[in-house]
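The values are calculated or read from the model by the stated rules, or taken from the named source; none is laboratory data. Nothing here was measured: the structure is a model prediction, and the numbers come from that model. Note that we place each Cβ from the backbone using ideal geometry, even for glycine, and neighbour counts take in every protein chain shown.
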Amino acid sequence: MEHVISMEEIHSRKVERREAGEASRGHDQPVSVVVATEKLSITIHENEIYSTSFEKENFKKLKEAQVKGKNRWTTKPKIQKVLLLRDHKHFEKYCEPRVVSIGPIHHGKPKYRLSEEYKLTLAENFIEESGKTGKELYMVIKNNIDQLRRCFDEEVIHNYNDEALSWMLFVDGCATLKFIDSVVHNNVKRFQIKNGQVAFVQQDLFLLENQLPYRILDDLIKNSKEGKKLRESVQRFIDKQSMTEKTKERPTKNNKEGEKTEETPPKNNKEPVQPVHLLDQLRNRLLDCTPTSPENNSNQEDWNSFRNVQELKAVGIHLKSSNDNCLRNITFIKKGNFYGGTLSLPPIIVDDSTGPKFFNLIAYEMCPDFDNDYGVTSYISFLDSLIDEAKDVIDLRKEGILRNLLGSDEEVALVFNEIGTDLVPNPEIYRDVMFKIQKYHEKKRMTYINEVIHNHFSSPWTVVAFTAALFAQTVYSILAYYQ
């Protein structure tokens, strides 16, 4: 609260004080004098003082910005438009839905009109199999619309009232779950959806601008009699879309009845954190592992000058496909001066959806309100540094690190060069690997030895020929000496 006292009021108060016989100023309220160009005013500071409404509004914005700044980063980012990669020359190719709009950002665009009819069909079928009425499932969404609104950036939902937003999320949630369940159980054809459209829809479900809050899917699953089956379908669908080889089955053990049961992992006290949306669940699947602890290497080679596959091969570094499907776990092991070292990477599958998925995962990690370690961004940066041309892809493919379902090796190289442009990775994730490779690379004598072996002893016959020639030269020298 504030009071602005004019000079006339001050004079009047002084007169009143004299008349009242005030002898001391020790109990007077402190004042501060502010001199302006046109008038002189004295302001009493009780809370904050603003001489104009303009100033009051601006200082209010400062306070709001401070509050927002404290709560800007979170592990639950809002669903929003792609921001930092919007100027990328392949933005539309990787971020625009091909056939279906999910959620509010692209809703109502004419190009997705046909898919709206398919969504209604899928949603109706989901309702029929749920054991609930459409009204009951709809109210699950509508009754929580205030909380669901908080899952979106205000910019993308400000044109939707609660009823319109509730209906859109209800239809999209039911249709998404039914589509996922149908893909997993190979019965999409019953909805007369062509194979090409099925592939595009699967790709569209992992676009950052095409996401639904996972809470919607979870609530619909909980309210369906097919809940257990649906939850398993979602998990299998994420595994199928993960671009990595299938996870190895856990070891089994025999129970008392002699039947084999799956070895259950040790339980912890923490409840599993619900993903933000399907794209977030895919990211968790790709990065869900315990990474190796990096050493504290202060002399790490700068990321931008890291070597490609051909340069690594030239110094005797071998490539190997690991048994791990976690993108974090890339390792380098040195096996002696003669053999060199081995760089092990998790195997991944490259097809038409690989570029869009990785691009949107990178865009997701770049969201201003998402506090994360840039795990996918760092992996793509590492892989992009290894791949400069088709030769690098060929070597990675031969070692089973890349499984090419896309087409030519040139196309694969182009994909990673496109999505790996202008990325800022987390230097901590692969610090230990890059330090070890750089330390190994600095041994120039190893470069020379391995280049000779690589160029002149590429087959066992050249080794035999060299050994025979060396032996003959030695014998000839000995005989010449005695003669």
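Worth a mention:
- Selection of the stretch 127-176 for residues being part of a loop (DSSP other than H, G, I, E, B) and among the charged types (D, E, K, R) yields K132, R150, D153.
- Of the residues making up the stretch 130-180, those that are basic (K, R) and farther than 24 Å from E117 by Cα are R149, R150.
- Counted residues, the stretch 122-141 - those being over 11 Å from G173 (Cα atoms), among the β-branched types (V, I, T) and touching a residue at least 60 places away in the same chain (Cβ under 8 Å): 1
- Members of the stretch 327-337 that are touching a residue at least 60 places away in the same chain (Cβ under 8 Å) and not hydroxyl-bearing (S, T, Y): L327, R328, I330, F332, K334, N337
- Selection count where residues are at pLDDT 90 or above, more than 23 Å from the chain's Cα centre (by Cα) and charged (D, E, K, R), scope the stretch 314-342: 1
- Here M243 fulfils each of the conditions (1) at pLDDT 70 or above; (2) exposed (fewer than 11 other Cβ atoms within 10 Å of the Cβ); (3) within 25 Å of D324 (Cα to Cα); (4) not polar (S, T, N, Q) apart from (2).
- On inspection, G375 passes the criterion of being among the small types (G, A, S) and out of contact with any Gly (no Cβ under 7 Å at 6 or more places or on another chain).
- Residue in the stretch 67-76 that is modelled with pLDDT under 95 and touching a helix residue (DSSP H, G or I) at 6+ places or on another chain (Cβ under 6 Å) present: no
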